[in-house]
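I have placed the structure first, in the form of structure tokens, so that the comments after it can refer back to it.
The values are calculated or read from the model by the stated rules, or taken from the named source; none is laboratory data. In this text the structure is predicted, and so the values were computed from the model without any measurement. So basically every Cβ, Gly included, is an ideal-geometry build from the backbone, and we count neighbours across all protein chains shown.
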Amino acid sequence: MIQKHKDLIELKEKFKGTSYCSAAFTEIYAGSNGKYRLCCHAKANNNLAKYTSDTTLPFEYFLSKEMEKIRDDMLEGKQISDCIKCHELEKHDGVSYRHKYIFRDGYLTDVQERSINLKLRISGSFCNLACYMCHPVNSTTKRNELKEIYDFADASNIFNSKESPAIAVKHDQWHSIMNNILDNIHLVKIIHMTGGETLQLPKYWEFLEKIPDEHAKHLELAHDTNLTKLKYKNHHVLDNAKRFKSFHLSVSCDHISDKLSWIRYPINVQEFENNLSEIKQSNDITSKINCTVSILNIDDLFEIRDYYQNKFNIQFSADCLVIKPIELSIANLPQKLKDEYIEKYKDDFPLIIAELNKPSNKSLFNKGLEYCDRLSAHRNFDFRILWKDWLKKVKDYS
């Protein structure tokens, strides 16, 4: 077990029974639907509903009396309803996302200078991929694919929900947000750029140009990217790498070869790997593979990790889990198979253990497979051929 995992296990024990999370003191997050939340894993809070990115500036929300109340409640040990995803993981004896935040930030009791992580989905949701597990609110291509497959009221669409659709921040409001960030830049430690596909969003490049060099040299810049394109018009991702204190690419990638092609349809795997080789040659960029764990890669995590580490000498993380839509969650696998995965991964990927410890639901699992069948028919690319060995294992363990 690597040292980070040992530290997370120790944090889990130290903070057991508490509700404290450093993200309430360090994280400003707005989703593609415009709603501010405590972090990207938290659910929306009714008391914060009036604060949206199309009406409220980031630091107005973050320094509001409602956010101060949440911080005070955490310090007093009161449960926070927003944090149900972490509560569920911990209920099943797992490491949760709040443990990762505390590991990153330490124990803070107030907002401090150079401590804020900005993660705002305000530059658009354009994305050139339709990843099978991605919520359509975060990808234009995914939204278009689902429209072609499902009627609006189709009950078999696992992404049907009451969640608000993606919104486009108005031009004037976007510039007001940029000015608000620059006015409070002394509080910011990390700017986490996300989308859509970050590197293909015009507003991403415009925002970076607005940050003066005297501030950029103190800022850590992080990105979520599918890395399918390194250029946008006359821009290249390397153009800004030297300006910032650090420049990190979290590369979303969930398998190899044809299985990657299916999960992140319609990715060009060779182009992706060429881009990965190019960024690894830069001394100004750090990077890691960020694998989102779902039913279609849980069997292969070691194979995926070893492939990218051996071929590209790149760090690998499997800390992101598909929890919604629940139909694609590893929780719903047959119990005997989950027991095998728990034993297999317990020392390497502790965050997945709690999800595997949740009760199985065969009906939801089958609905997830039906969804994959619908995608296969539409794409003319059959997932059952690619995953035939794993599907046989599932059947054998059922």
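Quick notes
- Restricting 221, 208, 227 to those that are assigned by TED's automatic domain parsing to the domain that holds residue 272, closer than 14 Å to residue 243 by Cβ, in contact (Cβ under 8 Å) with a residue 12 or more places away in the chain and not in a helix (DSSP H, G or I) reduces the list to 221.
- Residue selected from the range 278-325 under the condition of a type in the set (Val, Ile, Thr) and in a loop (DSSP other than H, G, I, E, B), by the criterion modelled with the lowest pLDDT: 323
- All positions within the range 274-296 that are closer than 23 Å to residue 333 by Cβ and over 16 Å from the mean Cα position of the chain (by Cα): 295, 296
- Qualifying residue in the range 64-76 (condition: under 27 Å from residue 195 (Cα atoms) and in contact (Cβ under 8 Å) with a residue 60 or more places away in the chain): no
- Boolean, residue 7 is touching a helix residue (DSSP H, G or I) at 6+ places or on another chain (Cβ under 8 Å), acidic (Asp, Glu), under 20 Å from residue 166 (Cβ atoms) and not assigned by TED's automatic domain parsing to the domain that holds residue 351: no
- When residues of the range 84-98 are limited to those that are outside any loop (DSSP other than H, G, I, E, B) and either closer than 17 Å to residue 11 by Cα or at pLDDT 95 or above (or both), the one farthest from the chain's Cα centre (by Cα): 91
- Some residue of the range 42-56 being in contact with a Cys (Cβ under 7 Å, 6 or more places away or on another chain) and either outside the structural domain of residue 120 (by TED's automatic domain parsing) or surrounded by 21 or more Cβ atoms within 10 Å (Cβ to Cβ) (or both): yes
- Some residue of the range 246-263 being at pLDDT 95 or above, in contact with a strand residue (DSSP E or B) (Cβ under 6 Å, 6 or more places away or on another chain) and surrounded by fewer than 15 Cβ atoms within 10 Å (Cβ to Cβ): yes
- Members of the range 17-26 found to be in contact with a Cys (Cβ under 8 Å, 6 or more places away or on another chain) and surrounded by fewer than 23 Cβ atoms within 10 Å (Cβ to Cβ), listed by number: 19
- Residue pairs meeting the criteria (Cβ under 8 Å; at least 6 apart or on separate chains; first outside the structural domain of residue 97 (by TED's automatic domain parsing) and without any contact (Cβ under 8 Å) to a residue 40 or more places away in the chain, in the range 341-367; second surrounded by 18 or more Cβ atoms within 10 Å (Cβ to Cβ) and part of a loop (DSSP other than H, G, I, E, B)): 356/333; 360/333; 364/329
- When we screen 344, 395, 367 for residues that are surrounded by fewer than 13 Cβ atoms within 10 Å (Cβ to Cβ) and part of a helix (DSSP H, G or I), the only hit is 395.
- Residues being part of a helix (DSSP H, G or I), charged (D, E, K, R) and over 23 Å from residue 292 (Cα atoms) - total across the range 11-62: 3
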